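The values are calculated or read from the model by the stated rules, or taken from the named source; none is laboratory data. Every value quoted in this text rests on a predicted model; they were computed, and no experiment measured them. Heads up, the Cβs are rebuilt from the backbone with ideal geometry, glycines too, and the neighbour counts pull from every protein chain shown.
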Amino acid sequence: MPLRTLVLATLLPVSLLQAQDTPATRQKEAERYVQNLPTEDFLAPMVKALKVGESPDRQAFITMTFLSFFDYPAMDRAAKEALVKGFSTEEIQALADLCATPAGWAAMKKLNQFTGPFGEALQAEVKTAFDKAAQEQGEHM
């Protein structure tokens, strides 16, 4: 078998697998993502942060709320729907793979610690940039 034929025969199945991006393949990978990082586990650091500085009664109320009244299965469904709608199969697969590792799982749980402060800094910088642009143009927004 010529080398070219061997290489094509080897790479063709791989490229066909990578090219498969359908709602069904996205759904399958979204299921795996949620299995690797259930919403309840993802939100645990947020729940813990909500209790900081609260009275013991308020902490108990927060815990009871998230244990008894928060609809985690609905949030798992919402996470899967958002993944299927906004990401390719390969992207969801990469997220699921990341969450399957101890370091990736820990990083995903800490993502709120990043997005909160970063989001605040981003909003402040956007406002500053618009203020400077408006000042330079002599406009007041």
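The table for this structure:
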item	result
Restricting the range 105-118 to residues that are modelled with pLDDT under 85 and not hydrophobic (A, V, I, L, M, F, W, C), the residue that is farthest from VAL34 (Cα to Cα)	GLY116
Of the criteria (1) part of a helix (DSSP H, G or I); (2) free of Cβ contacts under 8 Å to residues at least 40 places away in the same chain, which one GLY53 fails	(1)
Per-region count, the range 18-70, residues within 25 Å of ALA96 (Cβ to Cβ) and not β-branched (Val, Ile, Thr)	28
Matching residues in the range 95-118 - criterion: being surrounded by 12 or more Cβ atoms within 10 Å (Cβ to Cβ), part of a helix (DSSP H, G or I) and small (Gly, Ala, Ser)	ALA96, GLY104, ALA107, GLY116
Checking SER68 against (1) among the hydroxyl-bearing types (Ser, Thr, Tyr); (2) more than 21 Å from VAL34 (Cα to Cα); (3) in the same structural domain as ARG32 (by TED's automatic domain parsing), the condition it does not meet	(2)
Residue ID - nearest to LYS28 (Cα to Cα), chosen from residues in the range 85-134 that are touching a residue at least 24 places away in the same chain (Cβ under 8 Å) and more than 14 Å from the chain's Cα centre (by Cα)	THR89
Residue match in the range 69-76 (condition: at pLDDT 90 or above, small (Gly, Ala, Ser), in a helix (DSSP H, G or I) and closer than 22 Å to LYS110 by Cβ)	no
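Condition check ((1) assigned by TED's automatic domain parsing to the domain that holds ARG32; (2) surrounded by 11 or more Cβ atoms within 10 Å (Cβ to Cβ); (3) of a type outside the set (Val, Ile, Thr); (4) within 17 Å of PRO38 (Cβ to Cβ)) across all residues:
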| site | (1), (2), (3), (4) |
| --- | --- |
| ALA74 | yes, no, yes, yes |
| LEU83 | yes, yes, yes, yes |
| GLU90 | yes, yes, yes, no |
| GLN93 | yes, yes, yes, no |
| GLU120 | no, no, yes, no |
| GLN123 | no, no, yes, no |
| ASP131 | no, yes, yes, no |
| GLN137 | no, no, yes, no |
